[in-house]
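One structure is given below, encoded as structure tokens.
Please treat every number below as a calculation from the coordinates, not as lab data. Because the structure is predicted, anything quoted here is derived from the model rather than measured. Backbone-built Cβ (ideal geometry, glycine too); neighbour counts: all protein chains shown.
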Amino acid sequence: MADGRLKVCICGGGNGAHALAGLAAAHAQFESRVLTLYQDEASRWRKMMADDGFVISIKKPEGGNDQIRVRPFHVTADASEAVPVADVIIIVVPAFTHHQYLTAIKPHVKRGAVIIGLPGQPGFELQCLSVLQEKAGHCTILSYESLPWATRIAEFGKKVRHLGTKDALLGSIVKGDTTLSFDPVATLQSLLGGKPQLRLASNFLETNLMTKAYVHPVMMHAKYKDWHGEPLTERPLFYQGLTKEGASELVAISDEVMATAHAISRIRPDVKLENVEHLEPWIIRSYNHTIKDPTSLHMAMATNSAYDGLLDPMIEIAPGRWMPDFNHRYLQEDVPFGLAVLKGIAELAGVSTPVSDRVLKWCQQQMGLDLIVGSQLKGKDIYLTRSPQAFGYLTLNELLAEL
Ligand code: NAI
């Protein structure tokens, strides 16, 4: 912070990284750099930005868009160029790449750095502790439940669209042994602007249980469990195409998560989990300006304009012939870093989860994994998940000792 500006390293090269990099570059109080390790993204991004800079297009609730143009910023594939100076490292990538980013930053991360998972997704803290080892103790680790916006790249390296911004976002903090000269939550809030309003949970178990990462696997299950392999002639609307039955399954899994939180609170009343909230009020609160009909979870999803145009993940195998894409992050990310983590925590809390088990069994079949056997998370591939069991936590007390 020699020049008074906080140094921010944004990890990633996708939609969220584009959105955050643009916002950071628009602030005079930050010096931002982007670290992207994927393929040739760093050089492509630099090239695309070189002439005209970078544009953030923000959808206004009343219609139309605000356009913010910012000057080019530093983008690199080399962690040693972006991490050693960074006061704040924000990881904005699908969770299946977190291990790669944590491994890359580990040799360079400075004492007292703040590491933020935006979103962290369930198990983020356990993975930070596992990968960073003793370095984790000198860092502050923050993890947020979701991305602040629904956002999509409009033109790689040049333009990103904010389709809708959440009103509030819950995070958790694991403090290291260093005293910070800045408030990490206030810093992130000033980077994001007034919305979403950042709130802090009591502990990371609360944000893990607050995750909505199960939504995609459950919706994929609801849509394709009876699909027999024939190509579709069009791509259905994803969220807005949710059926009543799919919405009921979402409610049932959210019930199981609530049961897990209640069981832990009964066993250990000192562990605060009051913020764990059912999916239905969460969706309605988070998208309060873009939902037309908030009378049920089904209608809230079907009438949310922030989801306009979002289609089922599919692959076009021939013109106009579509197959569902089970390699999409809706399963590849949200099963090992979502549903499986929730299942693992429920198991440690002694809560039975028949609906989660049914969905997990279907998902593992599509993904070629062995995670759940009977009703237990003990398949040979659980090490690929971020369930507590994958990191060797085999009792609730062992897990709670990390809070
Ligand atoms: P994305 O799908 O745009 O991420 C793609 C990027 O991830 C790539 O550009 C690359 O940088 C990296 N990547 C992909 N495969 C990789 C690999 N094999 N190795 C290394 N890097 C790889 O993701 P997005 O949209 O930025 O989302 C980030 C997180 O936020 C995800 O967890 C997502 O579920 C969550 N989220 C996203 C929302 C959105 O509207 N974009 C809304 C709510 C949550």
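Of the chymotrypsin sites (Phe, Trp or Tyr not before Pro) found in the range 227-272, those that fall in a DSSP loop while having at most 12 other beta-carbon atoms within 10 Å are Trp227.
Kirkwood hydrodynamic radius of the range 7-77, from the reciprocal of the average inverse Cα-Cα distance over all distinct pairs: 12.5 Å. Taken over the range 80-215, the alpha-carbon convex hull comes to 122 cubic angstrom per residue.
Translational diffusion coefficient of the range 257-305 (Stokes-Einstein, Kirkwood radius from Cα pairs, 37 °C, 0.692 mPa s): 270 µm²/s.
Can you give the net charge of the other residues whose Cβ lies under 10 Å from the Cβ of Asp167, counting K and R as +1 and D and E as -1? So the surrounding residues net to +3. Averaging 1/r over each pair of different alpha-carbon atoms in the chain and inverting the result gives 21.7 Å, the Kirkwood hydrodynamic radius. Charge dipole (Cα centre; +1 on Lys/Arg Cβ, -1 on Asp/Glu Cβ; no other charges) of the chain amounts to roughly 620 debye. Multiplying each eigenvalue of the alpha-carbon gyration tensor of the range 161-200 by 5 and taking the square root yields semi-axes of 24, 11, 7 Å, largest first, rounded to whole angstroms. Other residues lying with their Cβ under 13 Å from the Cβ of Gly112 contribute a combined charge of +3, Lys and Arg counting +1, Asp and Glu -1. Using the alpha carbons alone, the radius of gyration of the range 256-386 stands to its Kirkwood radius in an Rg to Rh ratio of 1.03. Over 24 Å, how big is the tail of the calculated P(r) for the range 1-137, in percent of all Cα pairs? Counting pairs separated by more than 24 Å, the tail of P(r) holds 30 percent. What the Cβ-Cβ distance of Ala318 and Leu180 gives, at R0 = 45 Å and to the nearest 0.05, is a FRET efficiency of 0.20.
Electrostatic tally near Arg46: other residues with Cβ closer than 14 Å to its Cβ, Lys and Arg +1, Asp and Glu -1, net -1. Using the Karplus relation 6.51 cos²θ - 1.76 cosθ + 1.60 with θ = phi - 60°, the per-residue 3J(HN,Hα) values for the range 214-227 come to 7, 4, 5, x, 5, 5, 5, 4, 4, 7, 10, 5, 9, 7 Hz, with x marking Gly and Pro.
Helices in the chain, meaning DSSP H runs of at least 4 residues, each add -39500 (n - 2.57). Divided by all residues, the mean residue ellipticity at 222 nm is -9500 deg cm²/dmol. Could you work out the longest stretch of the chain that avoids the GluC sites (Glu not before Pro) located in DSSP loops with at most 13 other Cβ atoms within 10 Å? Answer from the scan: 63-233.
Here the gap between Asp66 and Lys225, fully extended at 0.36 nm per residue and compared with their Cα-Cα distance, gives a gain of 53.1 nm. Antiparallel beta bridges, as assigned by DSSP with both residues in the chain, represent about 45 percent of the total such bridges. Here the spin labels are modelled as points 7 Å beyond Cα on the Cα-Cβ line, and at Arg152 and Leu394 they lie 4.7 nm apart.
Panel values: the range 98-155, Kirkwood radius from alpha carbon pairs, Stokes-Einstein at 37 °C and 0.692 mPa s, translational diffusion coefficient 269 µm²/s.
For the range 235-300, a simple Cβ point-charge model (Lys and Arg +1, Asp and Glu -1, everything else neutral) yields a dipole of about 160 debye relative to the Cα centre.
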